[in-house]
Each structure stands twice: as C-alpha cells, then as structure tokens.
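Step one of this worksheet: look at the structure below.
The values are calculated or read from the model by the stated rules, or taken from the named source; none is laboratory data. Just so we're clear, the structure is a prediction, and the values are computed from it rather than from any experiment. Methodologically, a virtual Cβ is constructed for each residue, glycine included, from the backbone with ideal geometry; neighbour enumeration extends over all protein chains shown. Just the protein is used for accessible areas: all its heavy atoms, side chains included, with ligands, DNA and RNA removed. Shrake-Rupley method; radii C 1.70, N 1.55, O 1.52, S 1.80 Å.
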Amino acid sequence: MNYKLPFLKVIISSLYFSWTNKAELLRAIALPTLVLVVIWAVANVFLDKLAGGGIWVVVLAFGFGFSFFAVTCHRLILVESRDRYRFFKDRPGYRELMFLGWVVAIYFIVTILKAPFVVAAGTILGETAVTGQGEIVGWVKEIASIPALYVLARFSLIFPAAAIDNSVTMRWAWQRTKGNGWRIFLVVGLFPWLIESAIGLLLRQDASTVEWVLLAIFAYIGLAVGIIALSFTYREFAKQG
C-alpha cells in the first residue's frame, strides 16, 4: 500500500492524550499495575524457595499481569468509553491469555533473530564490545537489536488487534505494514527507548525507597504511553480500511 504512517502525529497524539486524560489513564492502569507490583514483590520474597515449576508459575503470572496492563492501555484508546476498561467483562481472562500467546510467539521470533546479530556485532568489534566480565556492552546490544526490532514493528499491529478481539495473523500484520516498517519502528522501538532513557536519568545511585517507588510509577506510566502510541498507530491504519 502507498499509505505512509504519520509517525510524528502518532507520537504527539499519544503524549497529548496521556497528559490531557491523565486522571483516566491513572485510574485505568492502577489495578493492572498493582497486579504486576504484587507479583514482583511475591517473587522477590520467595525467590530463594522457588525452583523448577514454581519459577514458571511466576513467569506465567507476570506475563498474564503484563497482558492485563497492555490490553487495558490498548482498549483505553480503541474501545468506546463506556467499555474502555471493564476488567474481565467477557470470558474472564480469555482476552488476556490470547494476548499473552501473541506476545510469547512474536517475542520468541524476535529473540531468535536478535541473537546472531548481537553475537556478530560482538565478534566484529572485539574487545570494544565486551565488558571486563566478558559480557557484550549495552550499546552494542541495542544497535545490534535494530533488525529484530524492525521485525517486531512489522508484527506489532497484532497486539492492539488482539486487545479488541480482532482475529488476525502474522501474515496480515506483515502485509498491512508493508512500506511502513521503519516508521512503525520509530513508534514502537525508538519512542519507548527514549521514554525509558529519560526515566532512567531520574535514578541516582543512593536512591531512597520512596524514590524507587516513584521511579517505578513513572516507569509504568512510560510503558503505558508507549503502548498507547501503538494503539494510535493501529487506529491510523484502521482509517485506511
């Protein structure tokens, strides 16, 4: 298709919506955020006692919590106001489990694609790309991840579609985003990275517990803004029929 995604409009719209509707946004993500925080806290308390199946239970619970969070953010933009975030309104948890299935499938593909690029970058750059502990430095991983993130961008429309119960496929997403891969990459790759980096600047070495809590809240708000940007992306494509 000849359509070109107005990525700047999408990013500005997500920031504008998040700011002008901040009270509703905070109400919407309050419960999903609480679920994620509780899972994280329980996992940290019992981490030493978890083994085998217990660890996978925590991973599954956290994945479900993330799906709950993401679906809520998507529906805040893509569904009529009266039904925006009626939690578990129909078939409790089914929508979130379907969403989680897509997350696992797509990120599995992205991870497989990312690995050889990271290894190749570390090999080519040699000692420049390796820390004293023998690990590849962060900036090398980030740059080497760009091809995999491009693939993620091409598949990303599946997530908002799943959040509003639209039945789609990877082939549909790939064809739908043809000619707009790098534009969507700016929305789902670069924009969230900038938000994460900005929040990271607020962290200081001897941060207090209160500062950590505030930083966590900002992190979840930043995550919500990034998801909302993808929702606006999906809406722009939907306008094209």
Legend entry - Complete set of residues in the range 35-44 that are surrounded by 12 or more Cβ atoms within 10 Å (Cβ to Cβ) and free of Cβ contacts under 8 Å to residues at least 24 places away in the same chain: Val38, Trp40, Val42, Ala43
Inset, instruction - Would you point out the residue of the range 113-138, among those that are of a type in the set (A, V, I, L, M, F, W, C) and closer than 27 Å to Phe159 by Cα, that is modelled with the highest pLDDT? - result: Leu113
Legend entry - Close pairs from the range 2-26: first touching a residue at least 24 places away in the same chain (Cβ under 8 Å), partner buried (at least 19 other Cβ atoms within 10 Å of the Cβ) and not in a helix (DSSP H, G or I), Cβ under 6 Å, at least 6 apart: Leu5/Asn180
Inset, instruction - Please tell me if Ile199 is under 18 Å from Ala105 (Cα atoms) and open to solvent by less than 50 Å² (accessible area, probe 1.4 Å). - result: no
Legend entry - The one condition in (1) closer than 25 Å to Leu15 by Cβ; (2) of a type in the set (Val, Ile, Thr); (3) open to solvent by 20 Å² or more (accessible area, probe 1.4 Å); (4) at pLDDT 95 or above that Ile146 fails to fulfil: (4)
Inset, instruction - Could you tell me whether the range 229-241 includes any residue that is modelled with pLDDT under 95, farther than 13 Å from Ile184 by Cα and part of a helix (DSSP H, G or I)? - result: yes
Legend entry - Flag if Val110 is at pLDDT 65 or above, more than 22 Å from Val140 (Cβ to Cβ) and within 20 Å of the chain's Cα centre (by Cα): no
Inset, instruction - Being of a type in the set (Ser, Thr, Tyr) and modelled with pLDDT under 65 is the filter here, so list the residues in the range 78-105 that pass it. - result: Tyr85
Inset, instruction - Please go through the range 203-222 and pick out each residue that is modelled with pLDDT of 85 or more and either assigned to a loop (DSSP other than H, G, I, E, B) or touching an Asp or Glu at 6+ places or on another chain (Cβ under 9 Å) (or both). - result: Ala219, Gly222
Legend entry - Filter result (open to solvent by 90 Å² or more (accessible area, probe 1.4 Å) and either within 25 Å of Gly222 (Cα to Cα) or free of Cβ contacts under 8 Å to residues at least 60 places away in the same chain (or both)) within the range 167-193: Ser167, Arg171, Trp174, Gln175, Trp182, Trp193
